[in-house]
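For reference, the structure discussed in these notes is given below.
The values are calculated or read from the model by the stated rules, or taken from the named source; none is laboratory data. In this text, all values refer to a predicted model and were calculated from it rather than measured experimentally. Counting neighbours? That spans all protein chains shown, and the Cβs are built from the backbone with ideal geometry, glycine included. Note: areas computed on protein heavy atoms with side chains; ligands, DNA, RNA excluded. Shrake-Rupley method; radii C 1.70, N 1.55, O 1.52, S 1.80 Å.
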Amino acid sequence: MVAGPILRQVTERSVTVWMITTHDQPADLTVSAEAPLSGRTESQIVQVGSNAFVQLITLALETDLTPGELYRYRINFADEQINARWDQERTALLYTDDEQLNFRFDTELSDVLHGSCRKPHHPVDDALLRVDQLIEQERQGQTKRPDMLLMTGDQVYCDDVAGPMLQAIEQVVDKLGLFHEDLDGAVIDNTSQLSGHEFNFYQRENILPQIELNTALSKLFFGAKKKPVFTSVNAHNHLISLSEVIAMYILVWSDVLWRDVSFDKDRVPDAYQDQFAQEQEQIEKFAAGLPRVRRALAHLPVYMIFDDHDVTDDWNLTRGWEEQVYGNPLSKRMVGNALIGYWLCQGWGNQPAAFDDIVSKAAEQFTANGLMEHDAFIDTLFEFEQWHYTLATSPPVCVLDTRTRRWRSESSLDKPSGLMDWEALCEFQQEIIGKQSVIVVSAAPIYGVKFIEAIQKVFTFFGKALTVDAENWMAHKGTANVILNIFRHYKTPPSFIILSGDVHYSFVYDVRLRFRRNSPHITQFTCSGLKNTFPDKLLKKLETLNRWLYSRHSPLNVFTRRRKMSVRAREIDTKGADTLLNHSAVGQLILNQDDEPAVCRALCADQDTIEFPPHHDDD
């Protein structure tokens, strides 16, 4: 088992586990408390290499799981030698005095973890290690472990890859025989030619597709007649093939194959060797923490949703971006490969039954010789509209797809698309209407920092939405009006919690409707990133300007789309800080008996714990 097991969807009647193995032998899953629970196991397998098989194992139970109960689970292989080897390997994933992997099943949520933006080479510690600490504390007789972990976007960075990570990816591709693919419209014919290409390390922007610039301003801005189709400023090692994407997932969630990875800075051009050495230090530190990360993900239900870096920066930001990227066979293939990787390694485990049709097509397309009709299978995923999902918990958790069902601007190619279109927003409203409380997961904050949004609006006015990453809910008039009207609807849940990430800093907002007595209690808890931060000096300046220009009683608030809402930022209970926390952290939401936020805290990678205390007045 080279990646996993990761505990995925857990319901009253089913338990799902994800993993990648080097054999195609189906695995069996048993779950027990005092005695083994009876049920039927289905192991679905997709071959992605000569020695690489993605497996999703689901145990359909004959009786309901008991909320609050601790359950043990075991993965078994029919082959005795393979099973014996796995029995030895799994001991590294066990907590003190445990003999088997375990999880706790809860439907009444009281303790929810969330986080996003985990970039392996960013120079901070990995906040996922705090999750391992929490589970270990429970096994030592302390506080009960959290109910679940929600990963709210950018679990991998396909567009921002360190040189040492790319070397590790190459070695995993070779070791597992991950399938190469033919390319159309590229300077190479097959992805097997990447390894020896002169632009392979730190210069892949020279391999990626480019477009002609058709305005004098654009030529002046980019200083050339052409610019890259992809808008990521860090695309120097952008992943291209599906094999690279699969290898990346293995390397960010498991330590197993890191044991055989070696680095060679002499393989990269001289100009980048210092950068390579700096990145290698961070990558080695990241890999050293993976045994604990892998252990944590095996003991807690984990749910995921994509954001842009899971595919590429600015994914579907504007209608113009979509026309350029999907109009080129290579860039379309790259986006499709990342989406296949997301389905196999993230989306599939959220709600396995929703992907039955895709799994059926995959059974025909993924063979021992690779993916047969590559582009056709990518088109199948592009047409899929069930990436979003709802967890049947109390309160229910509604996870939004803010990437593939965009409200595209009809007036300009360069204006930002709405994060969700009208139809998707209507479906979302029907999902939550009439409920007492709800937790909504939105990769991007619905309520952002107003000054930053104002800057994005100015750049958007001049057709430069891509320059400032103008992806916020208020950037598109139609989307903004509909989502705000949902909050104003009289059947909107009285307790409304929004969990988000994306921005690389953390904050908590309390929102009320102005001029209405029975306003819903809206709390937005943004926590980002798990291993990423914002430029510190710049964030402090932006926060100061936001406080000066958009204080609670500032007349500038009248010119925002949220003028009918009172948005209050919680102050951080630490010296020298205000409302924005710039730490690598995982968010912890503690709910009271009324399903309202009792505590919002950031569990920082540096071992600090920062709380966002609620306001004590009622205005």
Exercise. Where a Cα-Cα gap under 13 Å defines reach, which aspartates and glutamates qualify for residue 144, not counting those fewer than 8 residues away within the same chain?
Worked result: 69, 106, 111, 132, 136
Problem set entry | Charge dipole (the chain, unit charges on Cβ, about Cα centre) - positive-most of 567, 501, 252 | 567
Exercise. Which of the peptides 402-413, 324-335, 360-371 is most tightly packed, and how do the rest follow, judged by the mean count of other Cβ atoms within 10 Å per residue?
Worked result: 324-335, 402-413, 360-371
Seminar exercise, completed: Ranking 38, 437 from most to least accessible area with a 1.4 Å probe gives 38, 437
Exercise. In sequence order, what are the phi-derived ³J(HN,Hα) couplings for region 503-511 according to the Karplus relation 6.51 cos²θ - 1.76 cosθ + 1.60 with θ = phi - 60°, rounded to whole Hz, with x for glycine and proline?
Worked result: 8, 6, 8, 10, 6, 10, 10, 10, 10
Exercise. For region 282-295, in order, what is each residue's ³J(HN,Hα) by Karplus, 6.51 cos²θ - 1.76 cosθ + 1.60 with θ = phi - 60°, in whole Hz (x at glycine and Pro)?
Worked result: 6, 5, 5, 5, 4, 5, 5, x, 5, x, 6, 5, 4, 5
Seminar exercise, completed: The whole-number value in µm²/s of the Stokes-Einstein translational diffusion coefficient for the chain, with Rh from the Kirkwood sum over alpha carbon pairs at 4 °C and 1.567 mPa s, is 52 µm²/s
Problem set entry | Vicinal HN-Hα couplings computed from phi for region 540-547 (Karplus, 6.51 cos²θ - 1.76 cosθ + 1.60; Hz; Gly/Pro x) | 5, 5, 5, 5, 4, 5, 4, 5
Seminar exercise, completed: Checked region 241-317 with the C-alpha gyration tensor, a ≥ b ≥ c its square-rooted eigenvalues, rounded below a/c of 1.5, otherwise prolate if a/b is larger than b/c and oblate if not; verdict oblate
Seminar exercise, completed: Averaging 1/r across every pair of distinct alpha carbons in region 362-438 and inverting yields a Kirkwood hydrodynamic radius, in angstrom, of 15.3 Å
For this session: May I ask you to give the solvent-accessible area per residue for region 102-181, in square angstrom, as obtained with a 1.4 angstrom probe?
Result: 25 Å²
Exercise. Which of the listed residues, 102, 146, 344, is farthest toward the dipole's positive end in the chain, when Lys, Arg count +1 and Asp, Glu count -1 at the beta-carbon?
Worked result: 146
Exercise. What dipole magnitude, in Debye to the nearest 20, does region 484-523 give about its Cα centre under +1 on Lys/Arg Cβ and -1 on Asp/Glu Cβ?
Worked result: 380 debye
